[in-house]
Amino acid sequence: MMDNKENPVDHIDATVEIPVANQEGNKLEVSRRGFLGAGAVATAAGAIPMTAAMFAASAKAQASDIRNSAVVHPGELDEYYGFWSGGQSGEVRILGIPSMRELMRIPVFNIDSATGWGLTDESKRIKGESAHILAGDCHHPHMSMQDGRYDGKYVFINDKANSRVARIRCDVMKTDKMITIPNVQAVHGLRVQKVPYTKYVICNGEFEIPLNNDGKEGMEDVSTYRSLFNVIDAETMEVSFQVMVDGNLDNTDADYDGKYFASTCYNSEMGMTLGEMVSAERDHVVVFNLARCEAAVKAGKFKTYNGNNVPVLDGRKGTELTRYIPIPKSPHGINTSPNGEYFAINGKLSPTVSLIAIDRLDDLFADKIKPRDTIAAEPELGLGPLHTAFDNKGNAYTTLFLDSQIAKWNVKDAVAAYNGEKVNYLRQKLDVHYQPGHNHTTMGETRDADGKWLVVLCKFSKDRFLNVGPLRPENDQLIDISGDEMKLVHDGPAFAEPHDCIMVHRSKVKPKKIWTRDDSMFAATVEMAKRDGVTLETDNKVIRDGNKVRVYMTSVAPMYGLSDFKVKEGNEVTVVVTNLDNIEDVTHGFCMTNHGVQMEIGPQATSSITFIADKPGVQWYYCNWFCHALHMEMRGRMFVTAK
Ligand code: K7E
Ligand code: CUA
């Protein structure tokens, strides 16, 4: 049964004409009302007119086929890994595409009682100086690349709330590095260098702050405020350098030549209130010249701030490191076309997307042309363009936040229209539900864009699902873009804002099935055991070290190597469990009842967790991951002698 709300036929008013964008003055009034009702079916003007009755018949015939194309039957595997930002939850999720099934959650900036992320000693070491911060706000997950193609190694993700960047190892799908970026507040846009390989991860400091933010003087003097562009070494996960700019910074992307990075700025006014921030008709994109930045670092042309030694370069207007390209108005997303020709800048408060011709940037940096001469097209698409995705047929897909639509448009035709030709670049507008932010196509941020699926991350679901109270899920919609027309095939409720996602063909990712004993994730724990004279794979031992007790045990379903151990009240106890099971999917847990102590130990992994034994008496520990028919019996006692 098809719900009326989902039936595209109900949205049709085939008599509504789609406005043709004005090629001359770009002055055409794009009215929201004009698009309403036409959205579900409107193909480009000039297409064969279709009556509502005709469409209804064909839509009904196609509806089941369309939906079937996204069905992945029980036992079948998806074609793509989707890496989803978990927004304010602070985690990353793995979805299977096209089924949209959630396959796994990867805790990153949050704490997670299932896996013990944020509780275990291993995860605290990885979180490092920010281990005490238990919250995060993820926005942009992006995978490392080799020659503009996913290499399956890492996914990087930013934490806007605490100015952090983390790295996920895709061979085990666990977070393995995390840094807090100095000198900035709110790390927002994040992408990777695409070519020749991901040497750098790039990200923007969004909120302007005084360069030396020490609270000593001049905090209200806005002229001392700066935003910094951050360039991080992808292997060491240390900041290689930062670039000071005019205005703030929002989103960012890289070219396919290994030469330029570019970031949007929505607050060129450096306003401190909403009214001030949106007063200018044009803001800008900052283009960063990588070779010049690296040379400046080498030549020592930088300063340092706030007592750290991260080189900060001066990339303000008029310097050799950057160029500023004026863009209407408070632009947000920036997306490089997969053929490497354009940066697409999404206008947000302007109904336009501006295409910057990347092959004109050499001339811009040589001062042979003016900044606006790099604009190759500025198609007018609708209200609130936020992000653009691409297929492999020269089409672009732009989210229209205010119109709740996706605009499909042709890049070549948009360029022709900008050059005065009478062509319509608009191909279709499709209603989405509701208020889309990011969208993404399969493989669409790489050279391997394949034009199969488009996912649209809608910020509001309103009436699309059963009412679950005042806080509603968001709605991640799957759209089939393999044919001439976009077709909505799936609604996917999602909790806590998936700002952004990527979809990676499964051939690119090769996760392990079982841990290897030499894994770096628990290398420090192995070292600690060595110092205690313990061989983790064979020994079950209690080491007493003053007030500290280290308990080493193995696990093989359904038993721990130790059925009990003794400590004194007030001891700091570290329990180290090594899972000797060598069978796929046999994960054990360790949970100390009434102590807030929980963790996962994967097959062939070692995990450890430290707590204070502050409750005298018998304290049971148990395995909290179902592992065996005798899983309930997999438990033991900690005897805590009273003080
Ligand atoms: Cu929500 Cu990419 Cu942080 Cu746009 S950003 S919507
Ligand atoms: Cu081991 Cu449950």
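The values are calculated or read from the model by the stated rules, or taken from the named source; none is laboratory data. Source: prediction; values computed, not measured. Neighbour counts run over all protein chains shown; Cβ positions are idealised from the backbone, glycine included. Accessible surface areas use protein heavy atoms only, side chains included; no ligands, DNA or RNA. Shrake-Rupley method; radii C 1.70, N 1.55, O 1.52, S 1.80 Å.
Chymotrypsin sites (Phe, Trp or Tyr not before Pro) within segment 541-643: which are DSSP loop residues with at most 14 other Cβ atoms inside 10 Å?
Sites meeting the loop and neighbour criteria: PHE626.
Hey, what do the phi angles of segment 204-220 turn into as Karplus ³J(HN,Hα) couplings, whole Hz, using 6.51/-1.76/1.60 and θ = phi - 60°, x for Gly and Pro?
After applying 6.51 cos²θ - 1.76 cosθ + 1.60, I find 10, x, 7, 8, 6, 9, x, 4, 9, 9, 9, x, 7, 7, x, 5, 8 Hz.
Using a 1.4 angstrom probe and counting only protein chains, how large is the accessible area of MET104 in Å², to 10?
Surface open to solvent at MET104 totals about 100 Å².
Sort GLU341, GLU129 by heavy-atom solvent-accessible area, probe 1.4 angstrom, most to least.
GLU129, GLU341
For the chain, what mean projected area does the convex hull of the alpha carbons give, in nm²?
The number I arrive at for the chain is 32.1 nm².
Cα to Cα, under 29 Å, and not fewer than 8 places away if on the same chain: which lysines meet these conditions relative to LYS643?
Within reach: LYS541, LYS548, LYS566, LYS568, LYS615.
Give me the accessible area of ILE502, 1.4 Å probe, in Å² rounded to the nearest 10.
So the heavy atoms of ILE502 present about 0 Å² to solvent.
For ASP403, ASP214, ASP413, write out the residues from largest to smallest accessible area, computed with a 1.4 angstrom probe and no ligands counted.
My answer, sorted largest first, is ASP214, ASP413, ASP403.
Quick one: how many Å² of GLU445 are accessible to a 1.4 Å probe, rounded to 10?
Counting only protein heavy atoms, the figure is 10 Å².
Of the DSSP beta bridges with both residues in the chain, give the percent that are antiparallel, rounding to the nearest 5.
Percent antiparallel among DSSP bridges in the chain is about 90.
So which trypsin sites (Lys or Arg not before Pro) in segment 398-451 end up in coil per DSSP with only 13 or fewer other C-beta atoms within 10 Å?
LYS422
Just tell me which lysines come within less than 16 Å, Cα to Cα, of LYS513; anything on the same chain fewer than 8 places away is out.
Filter leaves LYS153, LYS174.
Mean separation of Cα pairs under 8 Å and 6+ residues apart, divided by the residue count of segment 90-195: what relative contact order is that in percent?
The value is 22 percent.
Using Cα-Cα distances under 8 Å and only pairs 6 or more residues apart, what relative contact order does segment 355-450 have, in percent?
It rounds to 26 percent for segment 355-450.
Could you please state, rounded to a whole Å, how far the C-alpha centre of segment 370-449 is from the C-alpha centre of segment 256-325?
Each part's Cα centre sits 26 Å from the other's.
Skip the ligands, DNA and RNA, and give the accessible area per residue of segment 372-504 with a 1.4 Å probe, whole Å².
Normalised by residue count, the accessible surface of segment 372-504 is 31 Å².
In percent, what relative contact order does segment 496-557 have, based on Cα pairs under 8 Å that are 6 or more apart in sequence?
The value is 18 percent.
Would you please classify the overall shape of segment 270-341 from the alpha carbon gyration tensor, given that a ≥ b ≥ c denote the square roots of the eigenvalues, rounded means a/c under 1.5, and beyond that prolate means a/b larger than b/c while oblate covers the rest?
Taking the square roots of the gyration eigenvalues as a ≥ b ≥ c, segment 270-341 is oblate.
Over the chain, with every protein chain in place, what whole percent of the accessible area is carbon and sulfur at 1.4 Å, could you tell me?
The computed percentage sits at 53.
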